[in-house]
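To start, the structure itself, in structure tokens.
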Amino acid sequence: MNLVIDIGNTRTKFSVFNRGEVLITVPVEEFDPGHVDILLDEHPGLNQAILASVKEYSPQLREKLQQKFDLFIELDENTPLPIENLYQSKNTLGKDRIAAVVGAFDLYPGENVLVIDAGTAITYDFINELGQYLGGNISPGIEMRLKALHTFTGKLPLVKQRDWNRLFGTSTEEAILGGVLNGIVYETDKTIDTFKEFYKNLKVIITGGNAQFFDKKLKNSFFVHFNLLALGLNRILEYNGKK
């Protein structure tokens, strides 16, 4: 059994996998060494673990994982992958981005896949039908755009995200919502359209904390997969466990 830990910018998720199937996925504010002991008590078959973090985390947690598991992998640019990584600056590539494309290729082997991860930032990452990760784009997320308009102007208010399905606003708050949310929809649809011009039979997967936002808003078809990163991390762990 495998333990998968994904430490993101705003939250941490841990998942337990057994033979490729996810048993549990739990979001927490912070994953600490005590969680490891609890999980080992509840799932005594756990013997492999992988951790991916976009920020610094507790060295005590690292030590605990190294002590308690037969195989522990801390994902970095040197970790062997079941895909070919053609990104030029591998040392600056977000662990979440590479895990997501591994998960996408595991779901759709032999197909061109565009992965859109809508979280703190919105990332667009592409893996081709040969299993080659070619790269992608990074764009500000919803909350980041709303905060930027407030922070870098003198009078624009800080607007909270809420549902929006109109063409334009009739107040300053609505105009900000319309500009940010409609802008993201237009950006995403145009990105998908452009990829489709270059790559046939393109599959599109949306994941991340704001994936639900795109429901019934895009003209392009897509699949939502909330556990895509965990699936990719588990695949990387399994790949290294067989070496």
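Relative to the longest principal Cα axis of the chain, at what angle does helix 95-107 sit, 0 to 90 degrees, rounded to 10?
Around 80 degrees separate the two axes.
Quick check: the distance between the Cα centres of segment 194-233 and segment 104-130, to the nearest angstrom?
7 Å
In what sequence, highest mean first, do 25-32, 151-158, 186-193 appear when ranked by Cβ atoms within 10 angstrom?
Ranking the peptides 25-32, 151-158, 186-193 by packing returns 186-193, 25-32, 151-158.
What is the packing order of peptides 169-177, 89-97, taking the mean over residues of other C-beta atoms within 10 Å and listing the highest first?
Put in order of decreasing packing, that is 89-97, 169-177.
For Y133, Y124, Y57, what's the fewest-to-most ordering of other Cβ within 10 Å of each Cβ?
Going from least to most buried by this count: Y57, Y124, Y133.
Expressed as a rounded percentage, what relative contact order does the chain have, with Cα pairs under 8 Å and six or more residues apart?
20 percent
If you take the charge dipole of the chain about its Cα centre, with +1 on Lys and Arg Cβ and -1 on Asp and Glu Cβ, which of T170, L233, A99 is farthest toward its positive end?
My answer, from the dipole projection, is T170.
Please identify, among N85, N137, N210, the residue showing maximal mean-square fluctuation in a Gaussian network model of the chain using a 10 angstrom Cα cutoff.
N137
Evaluate the relative contact order of segment 1-74 (contact order divided by residue number), counting alpha-carbon pairs under 8 angstrom at least 6 apart; express in whole percent.
33 percent
Where a number appears in this text, it was derived from the coordinates with a stated rule and is not lab data. Since we're looking at a predicted model, the values are computed, not measured. Heads up, the Cβs are rebuilt from the backbone with ideal geometry, glycines too, and the neighbour counts pull from every protein chain shown.
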